[in-house]
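Below: the structure, in structure tokens.
The values are calculated or read from the model by the stated rules, or taken from the named source; none is laboratory data. Here the structure is a predicted model, which means the values were calculated and not measured. Don't worry about glycine lacking a Cβ; one is built from the backbone with ideal geometry, like all the others, and counts go over all protein chains shown.
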Amino acid sequence: MTPSEPETPSEPVPPSEALSPVSRTALSVARVRAHETSRPDPLFVDPYAAAFVTAAGMPMPAAGPGGDLAKALVAHGILRTRFYDDRLLAAGADQVVLLAAGLDTRAYRLDWPAGTRVFELDLGPVLAFKERVLDGIGARPAAARTTLAADLLDPDWPARLVAAGFDPSRPSAWLAEGLLVYFAPEEAAGLLTAVAGLAAPGSRLLLEKGQDVGATPRDPSLAHITELWRGGLGPDTHAWLDRHGWATALTALDLVGETYDRPLSRPTTRGFIEAVRHTGG
């Protein structure tokens, strides 16, 4: 089969019993990707997202969300996906590390240069669910793919990543998509310190611009997501990276929307960080 023709898994794969509340947010993100893929003018095509939604027994989204916060988060998620797609491919690194990869399918759906190796790190139950669904539809990765069941709060994951074939002496590209907001400040700092220890000069790190989550409006329909937010390093994220051996550049979400001809309905302070590792940090 071709990547554009996913089949439906032969039997349901219910994840709710095995996945943690944070891990289950990956299903909400997959629903967003499935909805975007169904549009006549999608910013990206993820032919596998719908299979995750179906396997989880979730309804496919028939329309966009209703509340202002929900609409903003969906728009952010769609633009974020395309922005990171483009920046990862432009990074020029043949080692790509997806932290808390969740149900990310970039190893399958992006046109990676020959020789690229994608490392996906997440908790065991997440990767097990993901593998069952992808294997069930006959999906084949477009790059060499290595999965590593790991808790990013455990101090041993960097050594295990190296043991799995990652070479810290060569430049790499790292993605922490939608991740740090679920970490306490000290946890986020610890994770980024570990990444810095593995990132050779010239490596790139992609993540969201930090926000003050305490000032974010609340929507009861999104409580299953927003109540899990712990803030990470907040608005200090890019400054923290600048102080710890990275050179950061910020790209406003508004600009991303204009670039992809998806202007936002209202201004926002959200955006993205692209950090380049240098010596002396």
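Just give me the residues in region 111-159 being among the aliphatic types (A, V, I, L, M), touching a Leu at 6+ places or on another chain (Cβ under 9 Å) and in a strand (DSSP E or B), in sequence order.
Hits for region 111-159 are 118, 121, 148, 149.
Of all residues in region 148-167 being without any contact (Cβ under 8 Å) to a residue 40 or more places away in the chain and crowded, with 18+ Cβ neighbours inside 10 Å, which is nearest to residue 109 (Cα to Cα)?
148
I'd like to know if region 246-257 contains one or more residues that are assigned to a loop (DSSP other than H, G, I, E, B), out of contact with any Pro (no Cβ under 8 Å at 6 or more places or on another chain) and not acidic (Asp, Glu).
So far as region 246-257 goes, no, none of its residues is assigned to a loop (DSSP other than H, G, I, E, B), out of contact with any Pro (no Cβ under 8 Å at 6 or more places or on another chain) and not acidic (Asp, Glu).
Of all the residues that make up region 238-256, how many are buried (at least 17 other Cβ atoms within 10 Å of the Cβ) and either among the aromatic types (Phe, Trp, Tyr) or touching an Asp or Glu at 6+ places or on another chain (Cβ under 8 Å) (or both)?
The qualifying residues number 3.
Can you go through 104, 135, 111, 46 and tell me which one is within 26 Å of residue 20 (Cα to Cα) and free of Cβ contacts under 8 Å to residues at least 40 places away in the same chain?
After applying the criteria, what remains is 135.
Suppose the filter is modelled with pLDDT under 95 and over 27 Å from residue 116 (Cα atoms); does residue 224 pass it?
yes
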